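The values are calculated or read from the model by the stated rules, or taken from the named source; none is laboratory data. Owing to the predicted nature of the structure, the values given are computational and were not obtained by experimental measurement. Here the Cβ is made from the backbone with ideal geometry for all residues, glycine too, and neighbour counts use every protein chain on show. Accessible surface is based on the protein model in full, side chains and every heavy atom, while ligands, DNA and RNA are left aside. Shrake-Rupley method; radii C 1.70, N 1.55, O 1.52, S 1.80 Å.
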Amino acid sequence: MRIILNLIWLVLSGFWLAIGYVLTGIVCCLLIITIPWGLAAFRIANYALWPFGRQVVDRADAGAPSLLGNVIWIVVAGIWLAIGHVVTGVLLCVTIIGIPLGVANFKMVPVSLMPLGKVIVPA
């Protein structure tokens, strides 16, 4: 079932969301000081391509620098990516088949707002 959901996800929203994260990651990596945010964006792009069967958990060693970095991320890029997830989730929830995909989109909003201090692990 995970493979079927991941394939439908990839076609309907995963590819486009991953492109948004990759573009954000490229812009962040072009500027030397924002490389940690770029790496986080690439990590989430990978998750956005194939989310079913994986989950986001907090890192135990994340502290104040991650919190500060997340605040900066929310202002610069996180809010726009979160809006993309919400809009895509609402559009997917219009159909019966798209409801699980829309719920998965809503579950990605917290990690799109605060990617630092998180790790993606198999479920």
For the chain, give the magnitude of the charge dipole about the Cα centre (Cβ charges: +1 Lys/Arg, -1 Asp/Glu; no others), in debye to the nearest 20.
160
Amide H within-cut-off set for residue 55, under 5 Å, with H built and near neighbours excluded
121, 123
Distance between Cα centroids, the range 94-123 to the range 1-78: provide it in whole Å.
11
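How large is the Kirkwood hydrodynamic radius of the range 55-123, in angstrom, based on all distinct alpha carbon pairs?
Details: mean 1/r = 0.0780 Å⁻¹.
Mean inverse Cα-Cα distance, inverted, gives 12.8 Å.
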Short version: ³J(HN,Hα) in whole Hz for each residue of the range 62-74, in order, from phi by Karplus 6.51 cos²θ - 1.76 cosθ + 1.60 (θ = phi - 60°), x for Gly and Pro, what are they?
6, x, 5, x, 5, 5, 5, x, 5, 5, 5, 4, 4
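Compute the orientation-averaged projected area for the chain from the convex hull of its Cα atoms and round it to one decimal in nm². Write down the numbers at each step before the final one.
On the way: hull surface 28.1 nm².
One quarter of the hull surface, i.e. the mean projection, equals 7.0 nm².
Leaving out ligands, DNA and RNA, and with a 1.4 Å probe, what % of the accessible surface on the chain is carbon or sulfur?
On the way: 5630 of 7040 Å².
Here it works out to 80 percent.
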Residues of the chain: accessible area per residue at 1.4 Å, in Å²?
57
How large is ³J(HN,Hα), in whole Hz, for each residue of the range 106-112 in order, when computed from phi with the Karplus curve 6.51 cos²θ - 1.76 cosθ + 1.60 and θ = phi - 60°, using x for Gly and Pro?
5, 6, 8, 4, x, 6, 6
